[in-house]
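Undergrad: Take a look at the following structure, please.
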Amino acid sequence: MKTNKTLLLIILFLKLTNIVLSQNTKIKLPNFNDTYSKYVQQLENGNLEIDYTDFRNSFLDSKQFANKGTSYNDLKKQVYTEIKNKNYQGVINATQSMLSIDYTSMFAHKYLQQTYKVLGDTINQKKYHDIEFGLLYSITRSGDGKTCGTGWHVTQIEEEYFIINMIGADLQKQSISSEGENMCDKMVVKTDDGETKTYYFEANKVFEQEQKLFGK
């Protein structure tokens, strides 16, 4: 009987913790009245049936894109620290702050949904899991990644490293390649079983942003 009461108290504590976390943290929605802002509002409202490729591209055209900088990278480091310390509220706070800057961040969605899973919040876990994989599939289904001509379409370098990490590979060499109208990042990686593979990421949008930034 005493054991049952203890288990009940633990369950109640976890549920109360989930409520407190959801009340104390919130993703700040962009209000630029552009395509990106409308997509974010739609996703946060739970309507996940969107064009994720267009969503990723729309971030580059939004004024919100200019807000992504060192603070975003600092938050990413903070996520790892909070995970190491098993500070679940800290992970939620950091990832939600990242999504307030860039809602297309697969990294932030991944660690947010995994934290909700640990806490037993199945609704939010599924929501952010589905957004993460909606973003991921919009890349991996855009080509086969075997040549520059059929490379995976990315809009930010971060997406390339996220996918390399997801397939459990270590980057060995990175270079620029081209084929037809495509400019690509050529990534030579080593898989967990020691096999060397080459993946191509069609990065036309990335190079366009670099040209705008540096005026080349």
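The values are calculated or read from the model by the stated rules, or taken from the named source; none is laboratory data. The model shown is predicted, which means the values in this text are computed figures rather than measured ones. Positions of Cβ are generated from backbone atoms using ideal geometry, with glycine treated the same way; all protein chains shown enter the neighbour counts.
Undergrad: Could you figure out which of (1) surrounded by fewer than 19 Cβ atoms within 10 Å (Cβ to Cβ); (2) within 11 Å of the chain's Cα centre (by Cα); (3) among the acidic types (Asp, Glu) isn't true of residue 132?
TA: Going through (1) surrounded by fewer than 19 Cβ atoms within 10 Å (Cβ to Cβ); (2) within 11 Å of the chain's Cα centre (by Cα); (3) among the acidic types (Asp, Glu) one by one, residue 132 breaks only (1).
Undergrad: Against the definition (assigned by TED's automatic domain parsing to the domain that holds residue 41, assigned to a loop (DSSP other than H, G, I, E, B), touching a residue at least 24 places away in the same chain (Cβ under 8 Å) and of a type in the set (S, T, N, Q)), how does residue 104 come out, yes or no?
TA: Judged against the criteria, residue 104 is a match.
Undergrad: Taking segment 40-58 on its own, how many of its residues are part of a helix (DSSP H, G or I) and more than 21 Å from residue 206 (Cα to Cα)?
TA: Summing the residues that are part of a helix (DSSP H, G or I) and more than 21 Å from residue 206 (Cα to Cα) in segment 40-58 gives 5.
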